[in-house]
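In what follows, a single structure is set out as structure tokens and then discussed.
The values are calculated or read from the model by the stated rules, or taken from the named source; none is laboratory data. These numbers were taken from a predicted model, which means no experiment stands behind them. We place every Cβ from the backbone using ideal geometry, glycine too, and count neighbours over all the protein chains shown.
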Amino acid sequence: MSAPLEKGRLYIQLAKDGETCGPPHPVAWRASAGPERPAHCRFVAWDFCGSCEQISVRAPAKFLGLKPFNVVAELLKVGVLVNADQSVNLQTGLTLLKQYGYTVQRA
């Protein structure tokens, strides 16, 4: 039996082929675009659940409307050596989003 949902809190429900995959997860972080968001950025906001500890390099690339190699290059500038098929910790991914004008805050 899952824990009761808290009123007034955002949750993410994952689904595959129309079938839910496990219980809803509370949203822990929200990244939202500011007015200075570059035109190539694809999304206005993105929610991260509390169980999310790592993020693939391809996810922020898709979010920002960039090619994965561009994200790899940005990560190299801050001393993180990864390739497009690897993951980085969530804090590093959120820092990258901040560099592109997104506001990141706890939900």
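Per this entry, F69 is counted among residues that are part of a helix (DSSP H, G or I), at pLDDT 85 or above and not aliphatic (A, V, I, L, M). V80 meets the stated requirement of being closer than 18 Å to E53 by Cβ, in contact with a Ser or Thr (Cβ under 7 Å, 6 or more places away or on another chain) and not polar (S, T, N, Q).
For the range 72-87, the set of residues classified as touching a residue at least 12 places away in the same chain (Cβ under 8 Å) and part of a helix (DSSP H, G or I) consists of V72, E74, L75, listed by residue number.
Being under 14 Å from the mean Cα position of the chain (by Cα) and of a type in the set (V, I, T) is the filter here, so list the residues in the range 61-79 that pass it. If the condition is that a residue be under 14 Å from the mean Cα position of the chain (by Cα) and of a type in the set (V, I, T), then V71 is the only one that fits.
When R30 is tested against the conditions (1) at pLDDT below 85; (2) assigned to a loop (DSSP other than H, G, I, E, B), the lone failure is (2). Summed over the range 67-97, residues that are touching an Asp or Glu at 6+ places or on another chain (Cβ under 7 Å) and surrounded by 14 or more Cβ atoms within 10 Å (Cβ to Cβ) total 2. In the range 41-66, the qualifying residues are those that are assigned to a loop (DSSP other than H, G, I, E, B), at pLDDT below 75 and small (G, A, S), and the one that is surrounded by the most Cβ atoms within 10 Å (Cβ to Cβ) is G50.
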